[in-house]
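Read through the structure below, which is laid out as structure tokens, and then see the notes.
The values are calculated or read from the model by the stated rules, or taken from the named source; none is laboratory data. Given the structure is predicted, the values throughout are model-derived calculations rather than measurements. So basically every Cβ, Gly included, is an ideal-geometry build from the backbone, and we count neighbours across all protein chains shown. With ligands, DNA and RNA removed, areas are computed over all heavy atoms of the protein, side chains included. Shrake-Rupley method; radii C 1.70, N 1.55, O 1.52, S 1.80 Å.
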Amino acid sequence: MKVDVMNMQGEKVDSADLPAVIFEAPIKQDLMHQALVRQMANARAGTHKTKSRGEVRGGGRKPWRQKGTGRARHGSRRSPIWVGGGKVHTPRPRDYSVKMPRKMRQAALRSALSVKAAEKSIVLLDVLSAEAPKTRVMAEALQKLVGESSALVLMAKDDVNVVKSIRNLPDAKTLSAEYLNVRDLFGYERVIMPLDALDMIQAYLGA
């Protein structure tokens, strides 16, 4: 698949072939779904906590005597049926992480990139750079490259000026190419991919 290579002024400067093994791979929806579920599950902190009747404060004294009052018998004010009592069957700290073999994760990424390539949503860029952190300048560049579409901007190496220039734009996000994931790929309409970021992706997914 041949794609035009653009510069930051939105002008075509060259063309390049997208590796077929990555950008024309079989599209496996179930695998992409599994990768997305795994990613969202692994992002959960799992620190939710409520107190059982053995953890809440108080409750040492029997509220009233067992017999003769006409009221129901109770042994503690910390019972779950009392206001302020312990909770039953409520969330406890747990690990939500899900494991997925590396080859399956790579196959899911190839499928997602193939979907984006088939939709012509990948924009190849010759060089991504910024002389200074200027949101206005970067907004104008993205406007020329993707118009009004939201954009995921991949980076081969950390560039503070580029990151600071894009982070205030509501419809754009920078992401290191080595952290490419299914959730971000489908969270944005277009993917801006500098040639050095393409080389990183090919090194990881090309085998």
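Within the stretch 153-170, no residue that is over 16 Å from Leu125 (Cβ atoms) and open to solvent by less than 10 Å² (accessible area, probe 1.4 Å) sits with its Cβ atom under 6 Å from a residue that is modelled with pLDDT under 95 and charged (D, E, K, R) at 6+ positions apart or across chains.
Out of all the residues in the stretch 108-123, which are closer than 16 Å to Val21 by Cβ and open to solvent by 20 Å² or more (accessible area, probe 1.4 Å)? Walk me through how you get there before you give the answer.
Initial filter on the stretch 108-123 (closer than 16 Å to Val21 by Cβ): 108-118, 122.
Arg110, Val115, Ala118 - these are the residues of the stretch 108-123 that are closer than 16 Å to Val21 by Cβ and open to solvent by 20 Å² or more (accessible area, probe 1.4 Å).
Against the numbered list (1) outside any loop (DSSP other than H, G, I, E, B); (2) among the β-branched types (Val, Ile, Thr); (3) in contact with a helix residue (DSSP H, G or I) (Cβ under 6 Å, 6 or more places away or on another chain), Val115 comes up short only at (3). The residues of the stretch 29-52 that are over 15 Å from Arg94 (Cβ atoms) and free of Cβ contacts under 8 Å to residues at least 24 places away in the same chain, listed by number, are Asp30, His33. Of all the numbered requirements in (1) in contact (Cβ under 8 Å) with a residue 12 or more places away in the chain; (2) in a helix (DSSP H, G or I); (3) more than 22 Å from Met40 (Cα to Cα); (4) open to solvent by 40 Å² or more (accessible area, probe 1.4 Å), Glu178 misses one, and that requirement is (3).
Please work out if Lys99 is in a loop (DSSP other than H, G, I, E, B), under 28 Å from Ala172 (Cα atoms) and either out of contact with any strand residue (DSSP E or B) (no Cβ under 9 Å at 6 or more places or on another chain) or open to solvent by 90 Å² or more (accessible area, probe 1.4 Å) (or both).
Working: in a loop (DSSP other than H, G, I, E, B): yes; under 28 Å from Ala172 (Cα atoms): no; either out of contact with any strand residue (DSSP E or B) (no Cβ under 9 Å at 6 or more places or on another chain) or open to solvent by 90 Å² or more (accessible area, probe 1.4 Å) (or both): yes.
No; evaluated as a whole, the condition is false for this residue.
Which residue out of Glu148, Glu131, Glu55, Glu140 is free of Cβ contacts under 8 Å to residues at least 24 places away in the same chain and in a loop (DSSP other than H, G, I, E, B)? Even if it seems obvious, please write down each step before you answer.
Values: Glu131 fails: free of Cβ contacts under 8 Å to residues at least 24 places away in the same chain; Glu55 fails: free of Cβ contacts under 8 Å to residues at least 24 places away in the same chain; Glu140 fails: in a loop (DSSP other than H, G, I, E, B).
Glu148 is the lone residue from the list that is free of Cβ contacts under 8 Å to residues at least 24 places away in the same chain and in a loop (DSSP other than H, G, I, E, B).
Being under 30 Å from Gly84 (Cβ atoms), at pLDDT below 95 and surrounded by 12 or more Cβ atoms within 10 Å (Cβ to Cβ) holds for only one residue in Arg61, Arg57, Arg53, and it is Arg53.
When residues of the stretch 38-50 are filtered for being in a loop (DSSP other than H, G, I, E, B) and either aliphatic (A, V, I, L, M) or open to solvent by less than 50 Å² (accessible area, probe 1.4 Å) (or both), how many remain? Spell out the reasoning first.
From the stretch 38-50, those in a loop (DSSP other than H, G, I, E, B) are 43-50; that's our starting set.
Subset that is either aliphatic (A, V, I, L, M) or open to solvent by less than 50 Å² (accessible area, probe 1.4 Å) (or both): 43, 45-46, 50.
Qualifying residue count for the region: 4.
Ala35 - would you say it is within 30 Å of Leu145 (Cβ to Cβ) and either β-branched (Val, Ile, Thr) or surrounded by 11 or more Cβ atoms within 10 Å (Cβ to Cβ) (or both)? For Ala35, the condition - within 30 Å of Leu145 (Cβ to Cβ) and either β-branched (Val, Ile, Thr) or surrounded by 11 or more Cβ atoms within 10 Å (Cβ to Cβ) (or both) - is met. For Pro91, the criteria (1) open to solvent by 40 Å² or more (accessible area, probe 1.4 Å); (2) farther than 28 Å from Gly46 by Cβ; (3) modelled with pLDDT under 95; (4) not aromatic (Phe, Trp, Tyr) hold in every case but one, which is (2). Applying the set (1) open to solvent by less than 60 Å² (accessible area, probe 1.4 Å); (2) in a helix (DSSP H, G or I); (3) in contact with a helix residue (DSSP H, G or I) (Cβ under 8 Å, 6 or more places away or on another chain); (4) within 16 Å of Met8 (Cβ to Cβ) to Leu185 leaves exactly one unmet item: (4). If the Cβ limit is 6 Å and pairs must be 6+ apart or interchain, which residue in the stretch 189-207 that is of a type in the set (Ser, Thr, Tyr) and buried (at least 19 other Cβ atoms within 10 Å of the Cβ) pairs with which residue that is part of a helix (DSSP H, G or I) and modelled with pLDDT of 95 or more? Partner pairs satisfying both residue conditions: none exist.
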